[in-house]
Amino acid sequence: MKLVQLLPIGNVDEGLLNDLQPVVEETFHVSCVVLPIRLDPEFAYHPERQQYHSSELLHRMQHLVTADSWRILGVSAVDLYIPILTFVFGEAQMGGPCAVVSAHRLRQEFYGLPPDADLFRQRVIKEAVHELGHTISLTHCDDYSCAMAPSHAVEWIDLKESTLCTSCQAATIPTPLTATTRR
């Protein structure tokens, strides 16, 4: 059976991973489990930026893909970046098996605001759905309420829903086989 496997990266709250499981299962119609291993992200740390290179994490995660893997979603509390951007909330292999999300900038405390556990949880869920959407080749959506809408700031995440719009849902449904013609 193919699974979405949630991979804790560094110190991630187990409760957050458990909150993601039912959402992933409902959204993508596939079983979801938390992997019993934890990936240490230190190999991807770049002291000059004081951040972790998300592409390096994805590369390492690729080695964890097994015959049971449908997708692997890494969930991290560290600050992620790619060289052309100041930071990223996550990154995915477009049409590939791995994606990663960072909870670091999703906490209200990062912005000097009081903690809001429910808002934090919703942001992580939205970003998880977004990055997993990229793994099934979904691109950014023009519907600002769709989970596949781009998020260049945390406020944009707050505008989204944790679900896919009708168009993105339709794109995830396999095309029916065409009937063969008789001669």
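For the pair the stretch 25-89 and the stretch 139-162, the centres of their Cα atoms are 20 angstrom apart. Packing order of peptides 5-12, 63-70, highest average first: 5-12, 63-70 (average count of other Cβ atoms within 10 Å over each peptide's residues). By the rule of a second cysteine Cβ within less than 4.7 angstrom, the chain holds isolated cysteines at CYS32, CYS98, CYS168. Mean-square fluctuations from a GNM of the chain, with a 10 angstrom spring cutoff on Cα atoms, peak among GLU109, GLU25, GLU131 at GLU109.
Seen from VAL88, the other residues with C-beta closer than 13 Å to its C-beta sum to a net charge of -3, counting Lys and Arg as +1 and Asp and Glu as -1. Legend: ranking of residues ASP79, ASP143 from fewest to most surrounding C-beta atoms inside 10 Å; resulting order ASP143, ASP79.
Of the residues VAL30, VAL78, the one with the fewest other Cβ atoms within 10 Å heads the list, and the complete ranking is VAL30, VAL78. With bins 10 Å wide beginning at 0, the percent of Cα pairs of the stretch 3-138 falling in each bin runs 13, 47, 34, 6, 0. Comparing ILE125, VAL154, HIS59 along the charge dipole axis of the chain, the residue lying farthest to the positive side is HIS59, per the Cβ-charge model.
Rounded, prolate or oblate: which fits the stretch 57-120, taking a ≥ b ≥ c as square roots of the Cα gyration tensor eigenvalues, rounded meaning a/c under 1.5, else prolate when a/b beats b/c? Because a/c hits 1.5 or more and a/b exceeds b/c, the stretch 57-120 counts as prolate.
For the chain, a simple Cβ point-charge model (Lys and Arg +1, Asp and Glu -1, everything else neutral) yields a dipole of about 800 debye relative to the Cα centre. Along the axis of the charge dipole computed for the stretch 1-128 (Cβ charges of +1 for Lys and Arg, -1 for Asp and Glu, origin at the Cα centre), the listed residues LEU16, GLY96, GLN5 are led at the positive end by GLY96.
With contacts taken as Cα pairs under 8 Å at a separation of at least 6 residues, the chain carries a relative contact order of 17 percent.
Bear in mind these aren't lab numbers, they're just calculated from the coordinates by the rules spelled out. Just so you know, these numbers come straight off a predicted model, no measurement behind them. Because the Cβ atoms are built from the backbone with ideal geometry, glycine has one as well, and the counts that use them run over all protein chains shown.
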